[in-house]
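Q: Sharing a structure below in C-alpha cells format, with a few things to ask.
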Amino acid sequence: MALSFMPKRFMSSALQRFCYNISGFNKYGLWRDDLLDEDNSDVKEALKRLDEKLVDERNFRILRAVQLSLQKDILPKANWTKLEDDKLYLTPLVEEVKKEREERDQWNKLY
C-alpha cells in the first residue's frame, strides 16, 4: 500500500526499504495490509473470508500499535516489521472481492 504508487521495477531495493521505514507503521509492528480501512465494504468482505488465525494476528498487531501509540512509544528496533517480512495477506482477497462486485454490478446492469 505504501509503495503501490510506484512500480517496483523503478525503485531500487534501498529506496524501497527507505520508503518503507520512513512510513512509520513498521515501528509499531504493523503490516501494510493492517492499514486497510475496515469501513470499506470490500475490505469487510475480504476480512470475512480471511482465515481466523490471520484475523487474530491482525487484531493483535493493531491493538498493540494502538497501545504503543497511546503510550507514545514504539517497539524496540529488533521487533520492527521488515520489508522482507511484510506480507500482503489481505490485498489479494480485496482485489478478488472488488472483481466480484464489479462483475455483479455489470450483470445487474444487463439484466
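Each value in this text was obtained by applying a stated rule to the coordinates, not by laboratory testing. Only a predicted model underlies this, so the values are computations on that prediction, with no experimental measurement involved. Counting neighbours? That spans all protein chains shown, and the Cβs are built from the backbone with ideal geometry, glycine included.
Q: What ³J(HN,Hα) values, in whole Hz, does the Karplus curve 6.51 cos²θ - 1.76 cosθ + 1.60 give for the range 79-90 when θ = phi - 60°, with x put for Gly and Pro?
A: Those phi angles translate into 9, 5, 6, 8, 4, 5, 8, 6, 10, 8, 8, 10 Hz.
Q: Put +1 on the Cβ of each Lys and Arg and -1 on the Cβ of each Asp and Glu in the range 8-98; which of Ala14, Phe25, Leu35 then has its Cα farthest toward the positive end of the dipole?
A: So the residue we want is Ala14.
Q: To continue, here is another question. Starting at 0 and stepping by 5 Å, how many percent of the alpha carbon pairs of the range 8-98 end up in each bin?
A: With a bin width of 5 Å, the distribution comes to 2, 13, 21, 22, 18, 15, 8, 1.
Q: Right, another one. Does anyone have the angle between helix 13-23 and the longest principal axis of the chain? Alpha-carbon axes, 0 to 90°, nearest 10?
A: Between helix and principal axis, roughly 90 degrees.
Q: Along the charge dipole of the chain, pointing to its positive end and built from +1/-1 on Cβ of Lys, Arg, Asp and Glu, which listed residue (Val66, Val55, Tyr111) has its Cα farthest out?
A: Going by the Cα projections, it comes out as Val66.
Q: In degrees, nearest 10, range 0 to 90: what is the angle between the Cα axis of helix 52-70 and the longest Cα principal axis of the chain?
A: With rounding to tens, the tilt is 50 degrees.
Q: Relative to the longest principal axis of the C-alpha atoms of the chain, give the angle of the C-alpha long axis of helix 91-110, reported between 0 and 90° and rounded to the nearest 10°.
A: With rounding to tens, the tilt is 20 degrees.
Q: How high is the FRET efficiency between Asp39 and Lys87 when r is their beta carbon distance and R₀ equals 30 Å, given to the nearest 0.05?
A: Rounded to the nearest 0.05, the efficiency is 0.85.
Q: Quote to one decimal, in nm, the extra length available between Glu100 and Asp56 on full extension: 0.36 nm per residue of separation minus the C-alpha distance between them.
A: 13.3 nm
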